[in-house]
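Trainee: Encoded as structure tokens, here's the structure I'll be asking about.
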């Protein structure tokens, strides 16, 4: 957990070290102290702060919605389970365990999709397969409950579609292009800046570089809050938690036992 918290910071430090190394090389080896006073680049830094704030606010809106989606998946799946179990209570000839296993299999497929081991199309196929289970439930005498199940399946399909859109759609690519250009410009201006003292120089250069590079990488990380590896590990530091879905899978497994 500690590594997830600091992962982005630690992996940003090599970029900062590279900029500081180039600055030292320019001053100590090449003998080029810079051509512009640091105080004169303030307007560019301000523009960077404004654009970074705009981008962060945009991706955070989707992130806050994304935090709710694993819980919505779990609650919808559990509602589906309750519907099919209630159908079995209504119709004595129906057995709950095969229907529970169908819900558990659907939950496993959804988790595999979130971990990138199944494609979006395969996930839709799993939803269609469960629709066939509901059709069979209706033929077996659970008509009203099958209809309720189809409504919950529709909600599940909407959640899956929304997760897919958030994960695969980047936030305003032209804005990313401008932010990346601005970050490069800021680093170049830092390398070309003259400072009044050595201490100020080697505090400000790494500090400003760290802020802008870190924020750009953070925004990219937040832009895909479902970036999980197949083994369940987080590729970034800002992925939403999947524990609501995992806890439901544990509950339904215990009920099947």
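Trainee: Once you sort the root eigenvalues of the Cα gyration tensor of the range 71-156 as a ≥ b ≥ c, which label holds: rounded (a/c under 1.5), prolate (a/b larger than b/c) or oblate (the other case)?
Mentor: prolate
Trainee: Let me ask something additional. Which order do the peptides 50-59, 248-257 take when ranked by the mean count of other beta-carbon atoms within 10 Å per residue, highest first?
Mentor: 50-59, 248-257
Trainee: Taking the mean number of other Cβ atoms within 10 Å as a proxy for protection, how do you rank 133-140, 209-216, 162-169 from highest to lowest?
Mentor: Going from most to least packed, we get 209-216, 133-140, 162-169.
Trainee: If I stretch the segment between residue 136 and residue 68 completely, what's the gain in nm (0.36 nm per residue apart, minus their alpha carbon distance), one decimal?
Mentor: In short, 21.3 nm is gained.
Trainee: Something else about it: Set the Förster distance to 35 Å, then compute FRET efficiency between residue 255 and residue 129 from the Cβ-Cβ distance, nearest 0.05.
Mentor: Between residue 255 and residue 129 the formula returns 0.95.
Trainee: Follow-up. Go ahead and estimate [θ] at 222 nm for the chain from helices alone: -39,500 (n - 2.57) per DSSP H run with n ≥ 4, summed, over the residue count, rounded to 500.
Mentor: For the chain, the value works out to -27000 deg cm²/dmol.
Trainee: Oh, and also: Roughly how many nanometres apart are two label points built 7 Å out from the Cα toward the Cβ at residue 22 and residue 158?
Mentor: My value for the distance between the label points is 4.9 nm.
Trainee: Now, a different point. Suppose the chain between residue 56 and residue 9 were pulled fully straight at 0.36 nm per residue; how much longer would it get relative to their current alpha carbon spacing?
Mentor: Working: separation 47, 0.36 × 47 = 16.92 nm, distance 1.69 nm.
Value of the extension gain: 15.2 nm.
Every number in this text was worked out from the coordinates using simple rules, so none of it is lab data. Just so we're clear, the structure is a prediction, and the values are computed from it rather than from any experiment. Ideal geometry is used to build each Cβ from the backbone, glycine not excepted, and the neighbour counts take in all protein chains shown.
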